[in-house]
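*Asks:* Before we start, here is the structure in question, set down as structure tokens.
The values are calculated or read from the model by the stated rules, or taken from the named source; none is laboratory data. Model, not experiment: these values are computed from the prediction. All Cβ positions, glycine included, derive from the backbone under ideal geometry; neighbour counts span all protein chains shown. Ligands, DNA and RNA are stripped out before the accessible areas are found, and what is left, the full protein with its side chains, is counted by its heavy atoms. Shrake-Rupley method; radii C 1.70, N 1.55, O 1.52, S 1.80 Å.
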Amino acid sequence: MSGERPTWQAYNEAQLTRPVRPLAKRLLEHAGPGNGRAALDLGCGSGVETRALVAAGWHVTAVDSDPSMPDRLQDLVAGGDVTAVVGDLRDVAPGRVALVHSSLSLPFVPSTDFAFVWERVRRSLLPGGWLGVDLFGPRDDWHGTPGLSFHPRSGVDQLMAGLEVVDLVEEERDGPSFGGVVKHWHTFHVIARRPGDAEGAP
């Protein structure tokens with residue numbers, strides 16, 4: 001990125017003092033203590049939500065394209081049960097996990113690659129596993145921007161087919177974006193669960 005627009009590193013470092021996002025809070029309320037179970041934080045950014053997952057007892061693999069992320073996580077989660085992976089979400093082989101969290105990250109997967117990434121995410125969930133994701137809707141100001149993905153409500157329902165949706169909040173608001181420019185946000189905040197008996201659940 002060039003000009004006056006901040007880098008993702010600068011953005012993420014500016015986020016360090018904010019509260020844990022509501023999606024992650026609700027996801028942890030539903031999923032309960034991790035008890036050492038495996039979790040995946042896709043697009044972990046500042047690491048604030050990663051820290052919350054670790055504090056709740058999850059073994060977290062945190063993924064982000066920002067190369068400064070591992071050092072930031074080392075400071076945030078000193079001695080915590082976390083593995084840092086620097087890379088593109090399209091290149092991640094997630095393994096099998098009991099929880100996937102992705103706040104405001106999956107919409108930055110290009111629409112041409114989204115189905116592939118989404119199928120990988122779904123396949124990574126163990127029976128009884130929890131999923132918490134943000135998705136952009138079609139009334140978002142960024143709709144049509146190359147390199148991003150958007151889904152209508154019917155499309156969100158299709159993505160969640162076969163999962164138990166336990167919390168779905170559709171939000172529209174005007175607020176600042178990356179770089180500080182005010183935009184109209186249209187976002188779906190979704191928490192779902194894969195059917196089946198959870199392994200190692202409390």
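*Asks:* Between [x] 30, 20, 16; [y] 24, 22, 15; [z] 27, 24, 21, which matches semi-axes √(5λ) of the Cα gyration tensor in Å calculated for the structure shown?
*Replies:* Checking each listed value against the structure points to [y].
*Asks:* Is any residue of segment 93-111 close enough, with backbone N under 19 Å, to a label point placed 7 angstrom from the Cα of Trp142 along the Cα-Cβ axis, and if so, which?
*Replies:* 101-111
*Asks:* Arranged from highest to lowest average of other beta-carbon atoms within 10 Å per residue, in what order do the peptides 172-184, 134-146, 37-49 appear?
*Replies:* Numbers: 172-184: 11.2, 134-146: 15.8, 37-49: 24.9.
Result, highest mean first: 37-49, 134-146, 172-184.
*Asks:* Where only protein heavy atoms count, and the probe is 1.4 Å, what is the accessible area per residue for segment 10-107 in Å²? Present the calculation step by step, with values, prior to reporting the outcome.
*Replies:* On the way: 4000 Å² over 98 residues.
On a per-residue basis, segment 10-107 sits at 41 Å².
*Asks:* How much of the accessible area of the chain, probe 1.4 Å, is carbon plus sulfur, in whole percent?
*Replies:* Working: 4840 of 9460 Å².
With neighbouring chains kept in place, the figure for the chain is 51 percent.
*Asks:* With an 8 Å cut-off on Cα pairs and a minimum separation of 6 or more residues, tell me the relative contact order of segment 60-202 in percent. Could you put the intermediate results ahead of the total?
*Replies:* On the way: 245 pairs, mean separation 33.3, N = 143.
Averaging sequence separation for qualifying contacts and normalising by length gives 23 percent for segment 60-202.
*Asks:* Continuing with the same structure: Distance from the Cα centre of segment 25-75 to that of segment 92-139, in angstrom?
*Replies:* 15
*Asks:* Which far-off residues, 5 or more places away or on another chain, put their amide H under 5 Å from the one on Arg37, with H placed in the peptide plane?
*Replies:* His59
*Asks:* Also: Residues of segment 115-147 with backbone nitrogen within less than 19 Å of a virtual label 7 Å along the Cα-to-Cβ line of Val181, please, listed as ranges.
*Replies:* 136-147
*Asks:* What's the FRET efficiency of Val86 with Asp113 using the Cβ-Cβ distance as r and R₀ = 25 Å, to the nearest 0.05?
*Replies:* Values: r = 18 Å, r/R0 = 0.74.
E between Val86 and Asp113, to the nearest 0.05, is 0.85.
*Asks:* Measure off 7 Å from each Cα along the Cα-to-Cβ vector at Asn35 and Asp71, then give the distance between these two points in nanometres to one decimal.
*Replies:* Calculated label separation equals 3.9 nm.
*Asks:* May I pose another question? Would you mind working out the accessible area per residue for segment 154-202, using a 1.4 Å probe, and quoting it in Å²? Please list the in-between numbers first.
*Replies:* Values: 2570 Å² over 49 residues.
Per-residue value: 52 Å².
*Asks:* So, one more: Figure the gain on full extension for Asp174 and Asp197 (residue separation times 0.36 nm, minus the Cα-Cα span) and round it to one decimal in nm. Present the calculation step by step, with values, prior to reporting the outcome.
*Replies:* Details: separation 23, 0.36 × 23 = 8.28 nm, distance 4.04 nm.
Result: 4.2 nm gained on full extension.
*Asks:* Could I ask something else about it? Of Gly129, Ala84, Thr50, which is farthest towards the positive pole of the chain's charge dipole, taken about the Cα centre with +1 and -1 on the beta-carbons of Lys, Arg and Asp, Glu respectively?
*Replies:* Comparing the listed Cα positions along the dipole, Gly129 ranks first.
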